[in-house]
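Nothing in this text is a laboratory measurement; each read-out follows from the coordinates by a stated rule. This one's a predicted model, so the numbers in the text were calculated from it and none came from an experiment. Reconstructed Cβ throughout: ideal geometry from the backbone, glycine too, with neighbour counts over all protein chains shown.
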Amino acid sequence: MRGFKIYFGLGVVLILVYLVAQYNKPTPTNWAPTYLSSDKIPYGTFILHDRIKDILPQATKIDSRRAVYNTLKDKNFSHTTYFIVAQKVDVSKTDFEQMKKFMQAGNTIFIASYDFGKLEKELKIATSTTMSADRPSLNFTNPSLKTDANYGFERGIGTQFFSKIDYKKAIILGINNVQKPNFVKYNYGKGALYLIAEPGFYTNFNLLDKYGAEYAAKTLSYVQNSKQIIFDGYFSAQKKDSTDVLRVFFKHPELKWAYYLAIFSLIIFVLYEIKRRQRIIPVADPLKNSSVEFANVVGSVYYHERNNLDIAKKQINYFLEYLRSRYYIKTNEIGADFVTLLMEKTGINEPSAKTLTRYFTQIPTMSELSDHELINLNQSIENFYHNTQAHGARTI
């Protein structure tokens with residue numbers, strides 16, 4: 001027990017030292033791609049949300065965390081842009097019908113995403129990522145926006161493009177260095193749908209770069225006449241929250257590694273205790289031979305019943321079985337020659353053989369048997385066992 005306290009104390013001290021060291025170390029940069037307008041981390045969109053007036057000075061901001069259908073249903077929007085930046089935008093059929101009504105009324109929807117969900121089937125598009133060793137670069141098809149040198153981006157931004165597209169309906173607004181479109185437009189009545197195959201263009205990380213901010217501003221110049229801009233927070237916040245009871249530990253690196261250290265220490269302790277301690281093996285009592293006790297009990301039962309004839313018959317049957325199995329003597333018919341056969345097979349003398357033969361033939365026919373006769377039978381059988389075991393048996 002004293003050893004356990006020492007190991008437990010050392011484990012607690014080590015965990016406390018580790019937690020203090022982790023608490024005082026510099027906070028690492030969170031590169032998680034949230035695309036939330038409230039996040040100031042590299043892949044949040046706080047700067048875009050905060051500085052949108054620089055690009056669209058006439059537009060008022062509206063934040064919505066509801067589904068598209070609930071946001072647009074029965075609303076009379078005019079000159080409004082619905083702006084979506086998210087990892088995946090999977091609109092339902094009902095949502096898309098409402099979006100088409102919204103655009104046909106003269107409004108615009110602008111979506112920047114890696115995965116367009118059901119829209120890909122509706123618009124007959126597909127996205128892919130360039131695997132070129134060279135860093136991809138982008139430019140615009142509009143001569144007024146196009147630059148002599150292509151735009152290049154850090155950390156893999158700009159590698160996504162549309163690998164499949166319906167050129168009869170889509171208007172190409174931007175391409176990469178291998179002439180693959182990454183920015184397209186679809187006309188719907190008086191309005192339009194803009195799709196750009198990357199949400200990273202509008203993140204804080206990209207907008208802090210001079211050329212990154214320039215490229216993002218040029219893409220949004222297509223909606224510069226908007227009077228309202230709706231910032232969607234529904235798709236960007238659409239993540240599956242962990243229901244694990246340990247989610248708080250795994251959310252913070254310090255707690256996560258402290259948890260791992262505690263588990264590891266516990267395993268080491270258990271393995272050490274298993275090695276140095278062995279379970280006490282109980283002392284097993286030797287098995288008792290109860291045959292003699294059983295014979296005494298059975299004998300007592302027969303003795304109290306006082307059925308001498310039954311005891312004698314059973315004793316004779318057991319003895320005859322012994323003669324059959326030990327000396328191979330046939331006992332189904334006991335005749336005049338049985339005395340001679342018994343003497344030759346077992347080696348006993350003639351008086352003993354005659355006495356036993358008499359008992360074998362007479363007792364089964366008797367109606368009762370006295371104690372004296374039962375004792376004589378038993379004595380004769382015991383003498384037989386004694387004589388054959390002492391002098392050895394002759395078997396033919």
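For region 75-177, what relative contact order do you get, as a whole percent, if you take Cα pairs closer than 8 Å and at least 6 residues apart?
Rounded, it is 26 percent for region 75-177.
Which of the peptides 223-232, 362-371 is most tightly packed, and how do the rest follow, judged by the mean count of other Cβ atoms within 10 Å per residue?
Those peptides, ordered most packed to least, come out 223-232, 362-371.
Give the Rg (one decimal place) followed by the Dmax (whole number) of the chain, computed from C-alpha coordinates and expressed in Å.
According to the Cα coordinates of the chain, Rg and Dmax are 51.2, 142 Å.
Take the eigenvalues of the Cα gyration tensor for region 1-128, scale each by 5, and report the square roots as semi-axes in whole Å, largest first.
The equivalent ellipsoid of region 1-128 has semi-axes of 49, 19, 14 Å.
How would you order 308-314, 193-199, 262-268 from highest to lowest mean count of nearby Cβ atoms within 10 Å?
Packing proxy ranking, top to bottom: 193-199, 308-314, 262-268.
Using the Cβ atoms and a cut-off under 12 Å, what net charge is assigned to the surroundings of G117, where Lys and Arg are +1 and Asp and Glu are -1?
-1
Hey, if you put +1 on the Cβ of every Lys and Arg and -1 on every Asp and Glu Cβ in region 112-233, which of G189, M131, N150 ends up farthest toward the positive end of that dipole?
Positive-most Cα among the choices belongs to G189.
Using the Karplus curve 6.51 cos²θ - 1.76 cosθ + 1.60 with θ = phi - 60°, what ³J(HN,Hα) values do you get for each residue of region 70-82, in whole Hz, with x for Gly and Pro?
5, 6, 9, 4, 6, 10, 9, 7, 9, 6, 10, 10, 9
Tell me the relative contact order for the chain as a rounded percent, counting alpha carbon contacts under 8 Å between residues six or more apart.
Across the chain, relative contact order equals 17 percent.
Might you report the magnitude of the Cβ-based charge dipole of the chain about its Cα centre, with Lys and Arg at +1 and Asp and Glu at -1, to the nearest 20 debye?
Result for the chain is approximately 2220 debye, rounded to the nearest 20.
Let's see if you can work this out: charge +1 on each Lys and Arg Cβ, -1 on each Asp and Glu Cβ, no other charges. What is the dipole magnitude of region 122-179 about its Cα centre, in debye to the nearest 20?
180
With an 8 Å Cα cut-off and a minimum separation of 6 or more residues, compute the relative contact order for region 157-220 in percent.
25
Based on the mean of other beta carbon atoms within 10 Å per residue, what is the order of 204-217, 319-332, most packed first?
204-217, 319-332
Across region 54-134, what fraction of all alpha-carbon pairs, as a whole percent, falls in each successive 5 Å bin from zero upward?
Answer for region 54-134: a P(r) of 3, 12, 21, 25, 16, 11, 6, 4, 2, 0 percent.
How large is log10 of I(q)/I(0) for region 145-209 at q = 0.16, 0.23, 0.27 Å⁻¹ when the intensity is taken from the Debye formula with one equal scatterer per alpha-carbon?
Taking Cα atoms of region 145-209 as identical point scatterers yields -0.60, -1.08, -1.27.
What does the charge add up to near S380, with Lys and Arg as +1, Asp and Glu as -1, over the other residues with Cβ less than 11 Å from its Cβ?
0
Treat each spin label as a single point 7 Å out from the Cα along the C-beta direction, and report the R358 to Q238 distance in nm.
11.4
For region 1-57, restrict the atom set to alpha-carbon positions and state the Rg and Dmax in Å.
Using the Cα atoms of region 1-57, the pair Rg, Dmax is 22.5, 74 Å.
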